[in-house]
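Undergrad: One structure coming up, written as structure tokens, with questions to follow.
Bear in mind that the values in this text are calculations on the coordinates, not laboratory data. From a predicted model like this one, the values you see are computed outputs, not experimental measurements. We place every Cβ from the backbone using ideal geometry, glycine too, and count neighbours over all the protein chains shown.
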Amino acid sequence: MNPLWLSHFTATSSIGRGLDQTLAALCQRRTGLAPCTFDTVDLATVVGEVAGVDEVRIPAHLAEFDCRNNRLALLGLMQDGFAEAVHAAIKKFGAQRIGVFLGTSTSGILQTELAYRRRNHATGALPVDFIYGATHNTFSVADFTRHYFGLTGPAVVVSSACSSSAKVFSSAQRMMAAGLIDAAIVGGVDSLCLTTLYGFNSLGLLSEQACRPYDAQRNGLSIGEAAAFALLESVPEHPRENLSNDAVLLLGIGESSDAYHMSSPHPDGLGSRMAMQDALKMSGLRPSEIDYINLHGTATQNNDAVEGKVVSALFGQATPCSSTKGATGHTLGAAGGLEAVICALALQHGLLPAGLNTQNLDPALDLDYLLDNREQPVARVLSNSFGFGGTNCSLIFGRAGSA
Amino acid sequence: MTLTAYIEGIGLLGPGLTDWPSSQSILSGQQPYQPSKTILPSPVLLPAAERRRSGAIVKLTLATGLEAIAAARLDAISLPSVFSASGGDGENCHAICEMLASDDRQISPTRFHNSVHNTASGYWSIATGAMTASSVLCAFDASFGAGLLEALTQVVVDNTRIVLLACDTPYPEPLYKVRSIPDAFGIALVLAPERSAKALAKITANLTDASADRLADTALESLRLSIPAARGLPLLHTIAMQQDGHVVLDYLDSTRLAMAITLY
């Protein structure tokens, strides 16, 4: 593929609103995880909740979209001048030439969970103020985003569980290559809800403490929420003159399916291996040319054991890697987008972020897993996102000056 | 920008439409359309445990997808897939929301893993052994158009065959009242980048401002309007008529898909 330029990007998660706060938290090794006080949840767990989401006001003309997921989306769009960048792109390319490709796993399902508490006792009907299409429906966040900006081009939500907002890069890349659009808003938004908290609890995958990816004693994940966005554009002609050295490029994408089990990874990681290999192949890079791997690293026994085995087999011990979910929690459908932005920060600031909370690395996993931040020039990084249903996606990003 | 692909196989299942061969005479008007409840076959390709856990959307996509792939004389194991649905497993979603609103919130692991929008894609890969990429999309009422557009870009840009599985299943009450999808309906298409001896039709697609075409048969038009996946019916209608033609398929409020269809 031709590399694509992430001309603007932003992320909002429990470690901060926007890039400055996110970078500061990574530099300071600060986690956003805290004991869960969300809604009426009575589980002993920690979550990465974004402060102030429910204070966000959806504009009156888009009131039907009002739900936690779209409030978080709007909060995210307001950071780092991202909305202004979209407006500028509309002026440059036209509203019909910008696509919207967003990932979410649970969308606004919280709105339906809350509505089910307010059903009519006699008829069982949902309250009349509940608007399914603009809140609960999986498309809601992309529909909100396109209406917010007045975009009229192609728009879609990719919803493949925890690979969703990694796979959006693939859909956007193809639509740009096909010439249907000139730019794309890509990213992911997922927000806290009871379905995921009680669901992961039912699988015994929820840790009671802040998750410890790749730790020998890891015992499950911590759920977070996030909104992350990037504006994808073609690399300008004459990139040496027209692109700064620290511009971030999408270099490769690999996708696969495990074809094994709905909620457990293939024991040998065949699918995730294919995704990483295909991303390398598409970018024309050798494993040794990757300077950092942002692991999927959920801190479940299974995920980390399988992913660690595959990364070790493909990259050896030489490639520094970490999971940033100890900081942000697992933001599910937003994880691919959030971790893409963290990778972009790593490239621009020469920072390899440590995996937080991990005390004793799993001795069975032969990796250069970062327990401390490392500062060094970073040219190319790989980010892994895997999910229920056996879906796998690996992305490779590079710094323009070194690509 | 025009996207071109070749249809090599079609799968169809919905109320009163039991498969593609028998539906052609209905769509072309040679036989009357008589709506009756969609009958979903048991997903025999799934291992017993998964078969027990599979909901309507899994059965629907396995039926339509395998029909299209068999018609194209291909093996599902090698085909990338695009799943596009306006919602997931509605029965399962209702059961979870009901439990979460009760005093006992302990939903089952199976309920939880069946709650993801890519449930059908996950079971599909387990049933067929396909380790290929699978795009799983939602665009509410625009889901058929979004799925077809994604499939076409994969065919054109990645130069690959692909199977598109557009599908919808109903919610039970009380969600049915706010999202009234009357029955299960699915269309599957195998699309190829080059013309082969198996090609049934060549399709080209553009984005357009024109309004979506309607179906002349009022019952079929009502089906098209009531189920997002059925917004693809005008394409199948043209193929069933065995005549080259142009149709505009529904997509977003701001843009539709103009299709030119050449029969072989």
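Undergrad: Summing -39500 (n - 2.57) over the DSSP H runs of n ≥ 4 in chain B and dividing by its residue number, what mean residue ellipticity at 222 nm do you reach, to the nearest 500 deg cm²/dmol?
TA: Details: 10 runs with 92 residues, N = 264.
So the helix-based figure for chain B works out to -10000 deg cm²/dmol.
Undergrad: Residue B:73: net charge of surrounding residues, Cβ under 13 Å, Lys/Arg +1, Asp/Glu -1, itself excluded?
TA: -1
Undergrad: Additional query: Can you list the residues of region B:137-166 with backbone N under 14 Å from a point 7 Å past the Cα of residue A:281, pointing along Cα to Cβ?
TA: Only B:158-160 fall inside the zone, counting backbone N under 14 Å.
Undergrad: Then there is this: How much net charge surrounds residue A:134 when only the other residues with a Cβ under 9 Å from the Cβ of residue A:134 are counted, with Lys and Arg +1 and Asp and Glu -1?
TA: -3
Undergrad: Just from the alpha-carbon atoms, what are the Rg and Dmax of region A:253-299 in angstroms?
TA: Considering region A:253-299 through its Cα atoms, Rg and Dmax are 11.8, 33 Å.
Undergrad: Extending each Cα 7 Å along its Cβ direction at residue A:44 and residue A:87, get the distance between those two points in nm, one decimal.
TA: With each label placed 7 Å out from Cα toward Cβ, I get 5.1 nm.
Undergrad: For a quick check: sort B:82, A:158 by the number of other beta carbons within 10 angstrom, fewest at the front.
TA: Ascending number of Cβ neighbours within 10 Å: B:82, A:158.
Undergrad: OK, next. Using alpha carbon coordinates only, what is the Rg to Rh ratio of the protein assembly as shown, with Rh defined as the Kirkwood radius?
TA: Details: Rg = 23.3 Å, Rh = 24.5 Å.
Taking Rh as the inverse mean 1/r over Cα pairs, Rg/Rh reads 0.95.
Undergrad: Let me ask you something else. Which whole-number percent of Cα pairs in chain B have a distance greater than 32 Å?
TA: Result: 18 percent of Cα pairs exceed 32 Å.
Undergrad: Tell me what chain A gives for mean residue ellipticity at 222 nm when only DSSP H runs of n ≥ 4 count, each as -39,500 (n - 2.57), the sum divided by the residue total, rounded to 500 deg cm²/dmol.
TA: Calculated from helices alone, the mean residue ellipticity at 222 nm is -9000 deg cm²/dmol.
Undergrad: Given R₀ = 35 Å, what would the calculated FRET efficiency be for residue A:95 paired with residue A:125, taking r from the Cβ atoms and rounding to 0.05?
TA: My answer for the efficiency is 0.35.
Undergrad: I'd like to know which of A:269, B:156, A:198 lies farthest towards the positive end of the charge dipole of the protein assembly as shown, counting +1 on Cβ of Lys and Arg and -1 on Cβ of Asp and Glu.
TA: Of the options given, the answer is B:156.
Undergrad: Still on this structure: Per residue, what volume in Å³ does the Cα convex hull of region B:1-154 take up?
TA: So the per-residue hull volume is 143 Å³.
Undergrad: Considering the zone a paramagnetic label at residue B:158 would reach in this model (a point 7 Å from Cα along the Cα-to-Cβ line), which residues of region B:55-99 have amide N under 14 Å from it?
TA: Under 14 Å, as judged by backbone N against the label point of residue B:158, lie B:77-84 of region B:55-99.
Undergrad: I'd like the antiparallel share, as a percent to the nearest 5, of DSSP beta bridges with both residues in the protein assembly as shown.
TA: In the protein assembly as shown, approximately 70 percent of DSSP beta bridges are antiparallel ones.
Undergrad: Give me A:378, B:58 ranked fewest to most by other Cβ atoms within 10 Å of their Cβ, as a rough exposure proxy.
TA: A:378, B:58
Undergrad: Can I ask one more? Can you list residues from other chains, or at least 5 along the same chain, whose modelled amide H is less than 5 Å from the amide H of residue A:50?
TA: Placed amide hydrogens put A:225 under 5 Å from residue A:50.
Undergrad: Moving on to the next point. May I ask for the net charge around residue B:207, where only other residues with Cβ less than 12 Å from the Cβ of residue B:207 are counted and Lys, Arg are +1 while Asp, Glu are -1?
TA: Summing Lys/Arg as +1 and Asp/Glu as -1 gives +1.
Undergrad: Please give the helix B:56-71 orientation as an angle from the longest Cα principal axis of chain B, in degrees from 0 to 90, rounded to the nearest 10.
TA: 30 degrees
Undergrad: To the nearest 20 Debye, how big is the dipole of chain A about its Cα centre, given +1 on the beta carbon of each Lys and Arg and -1 on that of each Asp and Glu?
TA: Working: 26 positive and 36 negative charges, 92 e Å.
The calculation lands at about 440 debye.
Undergrad: Sort B:51, A:212 so the one with the fewest other Cβ atoms within 10 Å of its own Cβ comes first.
TA: Numbers: B:51 17, A:212 28.
If I rank by nearby Cβ atoms, fewest first, I get B:51, A:212.
Undergrad: What is the Cα coordinate range of region B:113-190 on the first, second and third principal axes, sorted by size from largest, in whole angstrom?
TA: Projected onto its principal axes, the Cα set of region B:113-190 covers 44, 26, 16 Å.
Undergrad: Moving to a separate point now. Using 0.36 nm per residue of separation minus the Cα-Cα distance, give me the extension gain between residue A:20 and residue A:366 in nm, one decimal. Numbers along the way, then the final one.
TA: On the way: separation 346, 0.36 × 346 = 124.56 nm, distance 3.31 nm.
Residue separation times 0.36 nm, minus the Cα-Cα distance, leaves 121.2 nm.
Undergrad: Another question about this same structure. To the nearest 0.05, what FRET efficiency results for residue A:373 and residue A:208 with a Förster distance of 30 Å applied to their C-beta separation? Before the final figure, lay out the partial values.
TA: Working: r = 27 Å, r/R0 = 0.89.
Between residue A:373 and residue A:208 the formula returns 0.65.
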